[in-house]
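J.: Have a look at this one before I ask anything.
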Amino acid sequence: MSMVHEPLYPIAVLIDELKNDDIQLRLNSIRRLSTIARALGEERTRKELIPFLSENNDDDDEVLLAMAEELGVFIPYVGGVEHAHVLLPPLETLCTVEETCVRDKAVESLCRIGSQMRESDLVDWFIPLVKRLAAGEWFTARVSACGLFHIAYPSAPEMLKTELRSMYGQLCQDDMPMVRRSAATNLGKFAATIEPAHLKTDTMTIFEDLTQDDQDSVRLLAVEGCAALGKLLEPQDCVSHILPVIVNFSQDKSWRVRYMVANQLYELCEAVGPEPTRTDLVPAYVRLLRDNEAEVRIAAAGKVTKFCRILSPELAIQHILPCVKELSSDSSQHVRSALASVIMGMAPVLGKDATIEQLLPIFLSLLKDEFPDVRLNIISKLDQVNQVIGIDLLSQSLLPAIVELAEDRHWRVRLAIIEYIPLLASQLGVGFFDDKLGALCMQWLQDKVYSIRDAAANNLKRLAEEFGPEWAMQHIVPQVLDMINNPHYLYRMTVLRAVSLLAPVMGSEITCTKLLPVVISSSKDRVPNIKFNVAKVLQSLIPIVDQPVVEKTIRPSLVELSEDPDVDVRFFANQALQSIDHVMMSS
């Protein structure tokens, strides 16, 4: 239905649809609420539509979710901000339903409306709503209430502020763990609106209760609160209130809480400042790196470089490096993989000598790890180490391992090495490359896996760009063209792919004298797949070579292919011929 006629859509029909048994019709109707509201006008929307929605006790979560979302952007349709309070009753009802995502969306919409409401309206309408939900009999209302305090609090008068703080304290001690979880999740947002004087007293008391909760699901949410509160408190208060909590959490009996600390540790360090980090958090972090749960070690290992950046190199070498050595031979492959993805970043932090003495042996052991992801993570970050120790040392120590990985049994590892070769080539220089890596690049063109052959062809193009056409003419082109006689048609196809990629780099002259004859001879191949790939390559060569060559050499070959018995060959040959005609027309 077009937008022009939509406002004329009968309102009665839409209201009927809201009561229809078919859920799809009800959903469509809810999604068109703005249309209904525009047609009704602001006053009738306030007096008829919104009360109708408040009474609409639909039991389908999908419909309720759509309604919660629509009402969040409904202020313009009820007459602007001064009438925003009429939207609160239907959303209040939605805050008490059982389905979590509906409640979350209703809270989100209430926050959006509340943040636009006038201060007097917040006191008259919004704060009473928050109080009703917070005192709700059913736990769902109390869970929703926790997410609204940060909107209600700033505009409340002093008396009401005290009441709101006390109510939040009660929610943090609620009998239901779900309510305490919601209170712990929203504590940071609420604390950001509280005055500094009350922050130290009331909020810290609430926070300490949550950190000692008997449910680990509540305690782990309090870990996030540590970072949020740490940013609000003065540094000395942070050290006295937040730091002991972090240290205790790092030894919590529940691994989930310890995992949360490991995950959030960098943010927690930022909250308490550099000095307490060195004295108190380094021992806590070392404990997490040696935790008996693999999940905790994975989270801690992933933060090792970030953490070392806060410390001095001496402290990192003294405390963190021994743990890194242990993790590099950890029993869990996922821990080793997490470590491998970040350990290269430690090289710039520790400096050249420590990298050569301490980190290189770890890199080598991870490069030889039996788990492919570990090897992959190391390869992809080699450039960070190169910046620190220089290419000579890197090539002496790591190149043998790289050559070994070039023939790795896992094709993804071979692929990572190929993608790294152009970078390595530019760093090693042409002489070194020819000695050590040239043969490998040709070997990959005959790999059993298509992705490797394709990447190898792309690799040759990037090398030609790096070292120039003359070098490519000597070291790449002859070996590639020799492969056109390979008995296996898939390898012959790889040659065609390499030719199409190399031609733009090599220029018109080399393309005409060396590359084009090989492509033309392949048009006589017995395999149709080769022939239609020839047509594709010839099409790609049209802009590169001169017009006479197109007419004398390329067009006759394509005409011959356009009469081939195979339908695909004919299709691609005709496409290429059209391309020639198009170029002719435009020139």
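J.: Looking only at helices (runs of 4 or more DSSP H) that fall completely inside the range 94-187, which ones have 3 or more residues that are free of Cβ contacts under 8 Å to residues at least 24 places away in the same chain? Break it down into steps so the answer makes sense when it comes.
T.: On the way: elements: 100-114, 127-134, 139-146, 149-152, 158-171.
Hits in the range 94-187: 158-171.
J.: Considering each of Ser523, Ser500 in turn, give the residue that is in contact (Cβ under 8 Å) with a residue 24 or more places away in the chain and under 22 Å from Pro469 (Cα atoms).
T.: When all the criteria are applied, what remains is Ser500.
J.: Can you tell me which residue is farthest from Asn529 (Cα to Cα) among those in the range 561-578 that are open to solvent by less than 30 Å² (accessible area, probe 1.4 Å) and part of a helix (DSSP H, G or I)? Break it down into steps so the answer makes sense when it comes.
T.: In the first step, residues of the range 561-578 are kept if they are open to solvent by less than 30 Å² (accessible area, probe 1.4 Å); the result is 561-562, 564, 569, 573, 576-577.
Among the residues that remain, those that are also part of a helix (DSSP H, G or I) are: 561, 569, 573, 576-577.
Working: Leu561: 12, Val569: 8, Ala573: 12, Ala576: 16, Leu577: 18 Å.
So, considering only residues that are open to solvent by less than 30 Å² (accessible area, probe 1.4 Å) and part of a helix (DSSP H, G or I), the one farthest from Asn529 (Cα to Cα) is Leu577.
J.: Take Val519 and decide whether it is in a helix (DSSP H, G or I) and surrounded by 20 or more Cβ atoms within 10 Å (Cβ to Cβ).
T.: Spelling it out, Val519 is indeed in a helix (DSSP H, G or I) and surrounded by 20 or more Cβ atoms within 10 Å (Cβ to Cβ).
J.: So Met344 passes all but one of these: (1) closer than 28 Å to Arg287 by Cβ; (2) open to solvent by 20 Å² or more (accessible area, probe 1.4 Å); (3) at pLDDT below 80; (4) not aromatic (Phe, Trp, Tyr). Which condition number does it fail?
T.: Single failed check for Met344: (2).
J.: Test each condition in (1) modelled with pLDDT of 80 or more; (2) within 33 Å of the chain's Cα centre (by Cα); (3) charged (D, E, K, R) for Glu82 and report the one that comes out false.
T.: (2)
J.: Please specify each residue of the range 196-210 satisfying the condition of being in contact with a Gly (Cβ under 8 Å, 6 or more places away or on another chain) and buried (at least 20 other Cβ atoms within 10 Å of the Cβ).
T.: Those that are in contact with a Gly (Cβ under 8 Å, 6 or more places away or on another chain) and buried (at least 20 other Cβ atoms within 10 Å of the Cβ): Ile206, Phe207, Leu210.
J.: State which residue is most open to solvent (accessible area, probe 1.4 Å) when the search covers only the range 302-329 and only residues that are touching a Ser or Thr at 6+ places or on another chain (Cβ under 9 Å) and of a type in the set (A, V, I, L, M).
T.: Ile310
J.: Looking at (1) over 22 Å from Arg453 (Cβ atoms); (2) in contact (Cβ under 8 Å) with a residue 24 or more places away in the chain; (3) touching a helix residue (DSSP H, G or I) at 6+ places or on another chain (Cβ under 7 Å), find the lone condition where Leu558 falls short.
T.: Single failed check for Leu558: (2).
J.: Given the criterion of a type in the set (S, T, N, Q), farther than 20 Å from Val272 by Cβ and open to solvent by 50 Å² or more (accessible area, probe 1.4 Å), identify the matching residue among Gln173, Gln236.
T.: Only one candidate passes the filter, namely Gln173.
J.: Condition first: open to solvent by 50 Å² or more (accessible area, probe 1.4 Å), in a helix (DSSP H, G or I) and closer than 20 Å to His488 by Cβ. Now tell me which residues in the range 523-542 satisfy that.
T.: Across the range 523-542, the qualifying residues are Asn529, Lys536.
J.: Identify the residue in the range 101-123 that is polar (S, T, N, Q) and open to solvent by less than 70 Å² (accessible area, probe 1.4 Å) and, among all such residues, is modelled with the lowest pLDDT.
T.: Ser120
J.: If we keep just the residues of the range 371-399 that are at pLDDT 75 or above and farther than 18 Å from Ser451 by Cα, which is surrounded by the fewest Cβ atoms within 10 Å (Cβ to Cβ)?
T.: Among residues in the range 371-399 that are at pLDDT 75 or above and farther than 18 Å from Ser451 by Cα, the one surrounded by the fewest Cβ atoms within 10 Å (Cβ to Cβ) is Phe371.
J.: Considering only residues that are open to solvent by less than 20 Å² (accessible area, probe 1.4 Å) and hydroxyl-bearing (Ser, Thr, Tyr), which ones fall in the range 263-286?
T.: Of everything in the range 263-286, those that are open to solvent by less than 20 Å² (accessible area, probe 1.4 Å) and hydroxyl-bearing (Ser, Thr, Tyr) turn out to be Thr277, Tyr285.
J.: Among the residues of the range 400-450, write down those that are at pLDDT 70 or above and outside any helix (DSSP H, G or I).
T.: Passing the criteria: Ala406, Glu407, Asp408, Arg409, His410, Leu437, Leu445, Gln446, Asp447, Lys448, Val449.
The values are calculated or read from the model by the stated rules, or taken from the named source; none is laboratory data. Predicted model only: the values in this text are computed from it and were never measured. Don't worry about glycine lacking a Cβ; one is built from the backbone with ideal geometry, like all the others, and counts go over all protein chains shown. Just the protein is used for accessible areas: all its heavy atoms, side chains included, with ligands, DNA and RNA removed. Shrake-Rupley method; radii C 1.70, N 1.55, O 1.52, S 1.80 Å.
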